[in-house]
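J.: Mind looking over this structure? Questions follow.
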Amino acid sequence: MRENWRIKVSVVAGVSALAFSALMAAPAVADEAADSLQEVEMPAGVKIVEGLAPVVGADAPSLEPEADAPFSAAAAAAAAKAAPAANTCLGSTAAYGSKGCFQHNGDIVWAGDTQKDGMSAAVGVYTDYGRAAEVCINKLGVNTWATCNKDYRETGNVRLRVFRYDGDTGKFYQPESWSGWIPVDGKY
């Protein structure tokens, strides 16, 4: 009898962990800006890189908000095992006015601007192996993508942080959102 109780508790704990991980893997989107944007303190030495317009004919990610898909444990497991295509944008995350993702083939950081508010989209990139953080800025205007082509260690992981950037003041603002760790080689 006591053994059955332990099995039930283990199953509930496992299902809860799986549901939580699926919830955390979905991109976070804030539809509206806060009444007043909050300044974000950046660590000293963060390099700011102005993004470039994507190459003509590049397969750019969508700037549209992702639809909420019903949760399916089987679909999530299949997607995790599938190898991403060479031009797949991984770790997609979004916050008010900004969207970002990482293309493992070529180590390209994508920064999308989704709001006409006089600010730029910003995508911070952090590594798990000690490389200095950098921020890719999209100054191309609303409804555009900018790319920053980098060269990360293939055995490392990157993490993205999206937020807003005011070029007039040189300051960063919330709301912000973080991706999970993304393997540079694209193999989860």
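Every number here is computed from the coordinates shown, using simple stated rules; none is lab data. Model, not experiment: these values are computed from the prediction. Every residue, glycine among them, receives a Cβ derived from its backbone with ideal geometry; neighbour counts consider all protein chains shown.
J.: For 134, 64, 39, 176, what ranking results if the residue with the fewest other Cβ atoms within 10 Å of its Cβ goes first?
T.: 64, 39, 134, 176
J.: When Lys and Arg each count +1 and Asp and Glu each count -1, what net charge do the other residues less than 15 Å away from residue 134, Cβ to Cβ, add up to?
T.: Around residue 134, the surrounding residues sum to +2.
J.: Measure off 7 Å from each Cα along the Cα-to-Cβ vector at residue 115 and residue 153, then give the distance between these two points in nanometres to one decimal.
T.: Calculated label separation equals 3.6 nm.
J.: Additional query: What net charge is computed for the residues neighbouring residue 53, neighbours being all others with C-beta under 15 Å from the C-beta of residue 53, Lys and Arg scored +1, Asp and Glu -1?
T.: Residues near residue 53 contribute -2 overall.
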